[in-house]
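Presented below is the structure to which this report refers.
The values are calculated or read from the model by the stated rules, or taken from the named source; none is laboratory data. Bear in mind the structure is a predicted one, so any value in this text is a computation, not a measurement. All Cβ positions, glycine included, derive from the backbone under ideal geometry; neighbour counts span all protein chains shown. For the accessible areas, the whole protein counts, side chains as well, though only heavy atoms, and no ligand, DNA or RNA atoms are used. Shrake-Rupley method; radii C 1.70, N 1.55, O 1.52, S 1.80 Å.
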Amino acid sequence: MSTALRVCALYPELMNIYADRGNIAVLRSRCEWRGMGFELAASSLGEPLDPDAHDLFYIGGGQDRDQAAVAEDMAATKREALRAAADRGAVVLAVCGGYQLLGHSYAMGATELPGVGLVDLRTVREDGPRLIGNCAIETDLGDGPRTIAGFENHGGRTYLGEGEQPLGRVLAGHGNNGRDGWEGVRRGNVIGTYLHGPLLPKNAWLADRLTELALDVELAALDDTLEDAAHGSARRAAGV
Ligand code: GLN
């Protein structure tokens, strides 16, 4: 067992809307509170990516213009490494704009941004309002049904291909497209979601579950009185 969680942040300076980097701070703190190591690396524009050097690959959300800067580069310089990492069971966590880039494409009018095709999904910027608000979903990451609560704000609508599994069922909010009742995607340890908050500060249990999946370990519980209160408040904000 590795005693350190090795995280690689993809495009951290470009893909960090709604303080999504807070997700990394939570992973770090929870490792350190348990006496585990935590290593953080980054890979940005034009930089290579070693599929074997990290346990968890993370990409946050971004505005359309930031995604445009990232999309071609990610497809050109990170696609193969991300596929290799996913194939060996590394965790890939992608939030909102990063989630959209996990799929085949993000179509914005006449422009179509490429994705890395790690999962079978497409995102389309359709007419209609942005999908904004507090959101809660029910998920099961192998440890029973749990609730993830967060905040979503996206113009893109995401549609999963046949046979692709969502991360969860929408309890409140819009989810992938405001129509089919699904939110996010999960294929093995590849997880995409529209939920900011940031995601992990509002759902500390999820930070632990991702760490368990990334390292193939079972973690001892921490005193999560404050974290549980934050989770409860995020759930109530979504009306769940
Ligand atoms: N730019 C994307 C959209 O609007 C993602 C936004 C985000 O990451 N919050 O759909």
The condition of being under 19 Å from residue 202 (Cα atoms) and in contact with a Gly (Cβ under 8 Å, 6 or more places away or on another chain) holds, among 167, 171, 131, only for 167
> With respect to residue 65, is the statement that it is open to solvent by 10 Å² or more (accessible area, probe 1.4 Å) and within 16 Å of the ligand (Cβ to nearest atom) true?
Replying inline: yes
Residue hits (segment 105-139; open to solvent by less than 50 Å² (accessible area, probe 1.4 Å) and of a type in the set (Ser, Thr, Tyr)) are 105, 106, 123, 139
Across (1) among the hydrophobic types (A, V, I, L, M, F, W, C); (2) open to solvent by less than 50 Å² (accessible area, probe 1.4 Å); (3) out of contact with any Ser or Thr (no Cβ under 6 Å at 6 or more places or on another chain), residue 220 clears everything bar (2)
message: open to solvent by 20 Å² or more (accessible area, probe 1.4 Å) and farther than 17 Å from residue 122 by Cβ: is that true of residue 171 in this structure?
response: yes
Item to complete: Answer yes or no as to whether residue 147 is polar (S, T, N, Q), open to solvent by less than 10 Å² (accessible area, probe 1.4 Å) and not in a loop (DSSP other than H, G, I, E, B).
Response: no
Pairing a residue in segment 2-27 that is within 21 Å of residue 50 (Cβ to Cβ) with any residue that is buried (at least 23 other Cβ atoms within 10 Å of the Cβ) and basic (Lys, Arg), where Cβ atoms lie under 9 Å and the two sit 6 or more apart in sequence or on different chains, gives 10/78
Restricting segment 127-144 to residues that are away from the ligand (no atom under 16 Å from the Cβ) and either part of a loop (DSSP other than H, G, I, E, B) or among the β-branched types (Val, Ile, Thr) (or both), the one modelled with the lowest pLDDT turns out to be 143
task: Test residue 157 against the criterion of being open to solvent by 60 Å² or more (accessible area, probe 1.4 Å), in a strand (DSSP E or B) and either closer than 17 Å to residue 117 by Cα or not aliphatic (A, V, I, L, M) (or both), and give yes or no.
output: no
Picked from segment 5-58 (must be hydrophobic (A, V, I, L, M, F, W, C) and under 17 Å from residue 197 (Cα atoms)), the residue surrounded by the fewest Cβ atoms within 10 Å (Cβ to Cβ) is 19
The residue from 84, 41, 76 that alone is away from the ligand (no atom under 16 Å from the Cβ) and under 20 Å from residue 31 (Cα atoms) is 41
